[in-house]
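The values are calculated or read from the model by the stated rules, or taken from the named source; none is laboratory data. Just so you know, these numbers come straight off a predicted model, no measurement behind them. Virtual Cβ from ideal backbone geometry, glycine too; neighbours counted across all protein chains shown. Heavy atoms of the whole protein, side chains included, go into the accessibility calculation; ligands, DNA and RNA do not. Shrake-Rupley method; radii C 1.70, N 1.55, O 1.52, S 1.80 Å.
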Amino acid sequence: MKKLKHLFSLGIFSVVLVFGLLTTGCDNGSTSSDATPDHILVSTATELGYVGRGTANPDPYKGWTLDANYKLTANIDMSGVSNFTPISPWVSDDHPHFTGVFDGNGKTISNLTVNSAGDAGLFGYVGPGCTIKNIKLTNVDITTTWNAGAVGGGRGTFFNCVVIGGTVKSIGFEGGYGSVGGVFGWNDEGTVENCYSSNLIVINGDTDSSVTGGVVGSSGTNSTIKNCYASGTVQVSKSYTVKNGGVGGIVGTNWSSGSVLNCVALNESITGTAGNIGRIVGWNSVTLSNNYGRSDMTGGSWTSNANSIDGADVTTTNAETENWWKFNLGWVWGSSESAPWKWDSSTKLPKLWFEN
């Protein structure tokens, strides 16, 4: 358990949010003509690899620190990078972590491959005060022995994030207690809002414990998961032994003072070898409200209740109707960061405002 000490820690963390940084920051390695004084602009796979690495970078990228603000200005294909090192990898609880802003700006990062121990994803471990938003990942291949989430995990604010296609997987290790989610491995003291995963396989193969969710693996202290959905498969290959392990279509384990609100699990299946399995949340100790689960989902025997771990039933026919989402969930429809949802007539599901 001590290897996941940071996941369940209730310690006090300093909050650092940088509103303005480096008046020359956007010229520090960025040549885009739309540079702004409060964001460093990122447009290539090489530049993505420099984010947050500070003095370890070559000139002129040494100002690309963990407390800076970043914005994508182009779609980035990562197929030329065989194994990306996560931004802000976890080293220890008191090691510096990402506390700035990463604005995906509606751009797509495709073909991201991460194979590492520890917290694996685009980001590893992000700290209090950070914001990750408006980002789309496609065709991901994330593998770790510990925590995994395609976008990352930690204690920040995450909104308008989407992951479509691929695999997020923990192969586990002896005595390990890993947390795996399609979008975020874990969230503590933070918010995940207006996010979804689609056509994604989420697998947890931990030896002793499995905490696995279609959107978030584990959600804890003062955390909120809101207005999210998942469609895909959640699998657990081995049984888990801790009492608060769980496998869910949205969140694996919702513990302490976390909330899951207005979410929809459209997963084809959720499978596990033992313990707590639910359409919305596998194991829950706190607030669930107005959640829905696919009525023909396989993997368990579900009890329909909007405020339970299984959520209320929704048929695939209803879920493919725009009006059902508008009138049952209270999501905000529009064409902006604050009104992020619109209808995709090809998939017959909601998508985010920046998606084509």
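If you take the residues in segment 212-238 that are in contact with a strand residue (DSSP E or B) (Cβ under 8 Å, 6 or more places away or on another chain) and in a loop (DSSP other than H, G, I, E, B), which one is modelled with the lowest pLDDT?
Kept after step one, since they are in contact with a strand residue (DSSP E or B) (Cβ under 8 Å, 6 or more places away or on another chain), are these residues of segment 212-238: 212-220, 223-238.
Going one step further and asking which of them are in a loop (DSSP other than H, G, I, E, B), we end up with 214-215, 220, 223, 227-228, 237-238.
Values: 214: 96, 215: 97, 220: 86, 223: 93, 227: 98, 228: 98, 237: 68, 238: 61.
Restricting to residues being in contact with a strand residue (DSSP E or B) (Cβ under 8 Å, 6 or more places away or on another chain) and in a loop (DSSP other than H, G, I, E, B), the top hit is 238.
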- [ ] Please indicate, with yes or no, whether at least one residue in segment 95-111 is surrounded by fewer than 24 Cβ atoms within 10 Å (Cβ to Cβ), out of contact with any Ser or Thr (no Cβ under 9 Å at 6 or more places or on another chain), of a type outside the set (Phe, Trp, Tyr) and assigned to a strand (DSSP E or B).
- [x] no
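Just checking, does segment 125-135 include any residue being touching a Pro at 6+ places or on another chain (Cβ under 9 Å), more than 24 Å from residue 210 (Cα to Cα) and in a strand (DSSP E or B)? Show your work before the answer.
To start, the set of residues in segment 125-135 that are touching a Pro at 6+ places or on another chain (Cβ under 9 Å) comprises 125, 127, 134.
Applying the additional criterion that residues be more than 24 Å from residue 210 (Cα to Cα) yields 134.
Pick out the ones that are also in a strand (DSSP E or B) and you get 134.
Yes: one or more hits.
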Task: Selection count, segment 185-234, where residues are among the acidic types (Asp, Glu) and either open to solvent by less than 10 Å² (accessible area, probe 1.4 Å) or closer than 18 Å to residue 319 by Cα (or both) - done: 2
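Consider residue 241 carefully, then state whether it is touching a Lys or Arg at 6+ places or on another chain (Cβ under 9 Å), modelled with pLDDT under 85 and not basic (Lys, Arg). Show your work before the answer.
Details: touching a Lys or Arg at 6+ places or on another chain (Cβ under 9 Å): no; modelled with pLDDT under 85: yes; not basic (Lys, Arg): yes.
Against the criterion (touching a Lys or Arg at 6+ places or on another chain (Cβ under 9 Å), modelled with pLDDT under 85 and not basic (Lys, Arg)), residue 241 does not qualify.
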TODO: Just one of (1) in contact (Cβ under 8 Å) with a residue 12 or more places away in the chain; (2) within 28 Å of residue 343 (Cβ to Cβ) trips up residue 309, so point out which.
DONE: (2)
TODO: For residue 178, indicate whether it is at pLDDT below 95, in a loop (DSSP other than H, G, I, E, B), open to solvent by less than 10 Å² (accessible area, probe 1.4 Å) and in contact with a Ser or Thr (Cβ under 9 Å, 6 or more places away or on another chain).
DONE: no
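Can you name the residue in segment 150-159 that is crowded, with 24+ Cβ neighbours inside 10 Å and touching an Asp or Glu at 6+ places or on another chain (Cβ under 8 Å) and, of all such residues, is nearest to residue 102 (Cα to Cα)? Give the derivation first.
Going through segment 150-159, the residues crowded, with 24+ Cβ neighbours inside 10 Å turn out to be 150-156, 158.
So of that shortlist, the ones also touching an Asp or Glu at 6+ places or on another chain (Cβ under 8 Å) come out as 152-155, 158.
Values: 152: 12, 153: 13, 154: 14, 155: 14, 158: 10 Å.
Among those that are crowded, with 24+ Cβ neighbours inside 10 Å and touching an Asp or Glu at 6+ places or on another chain (Cβ under 8 Å), it is 158.
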Open item on the list: Restricting to segment 297-348, count the residues that are of a type in the set (Phe, Trp, Tyr) and open to solvent by 80 Å² or more (accessible area, probe 1.4 Å).
Closed with: 1
Open item on the list: Given the criterion modelled with pLDDT of 95 or more and touching a Gly at 6+ places or on another chain (Cβ under 8 Å), identify the matching residue among 104, 152.
Closed with: 152
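Among strands (runs of 3 or more DSSP E) lying entirely in segment 260-356, which contain 2 or more residues that are modelled with pLDDT of 95 or more?
Details: elements: 269-271, 281-284, 287-289, 292-294, 312-314, 341-344, 349-352.
Hits in segment 260-356: 287-289, 292-294, 312-314, 341-344, 349-352.
Out of 142, 164, 132, report the one residue that is aliphatic (A, V, I, L, M) and closer than 15 Å to residue 100 by Cα.
Going through 142, 164, 132 in turn, the sole match is 132.
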Task: Every residue from segment 112-126 that is of a type outside the set (Val, Ile, Thr) and surrounded by fewer than 23 Cβ atoms within 10 Å (Cβ to Cβ) - done: 115, 116, 117, 118
- [ ] Kindly indicate the residue of segment 34-55 that is more than 22 Å from the chain's Cα centre (by Cα) and within 15 Å of residue 98 (Cα to Cα) and also surrounded by the most Cβ atoms within 10 Å (Cβ to Cβ) among those meeting that condition.
- [x] 40
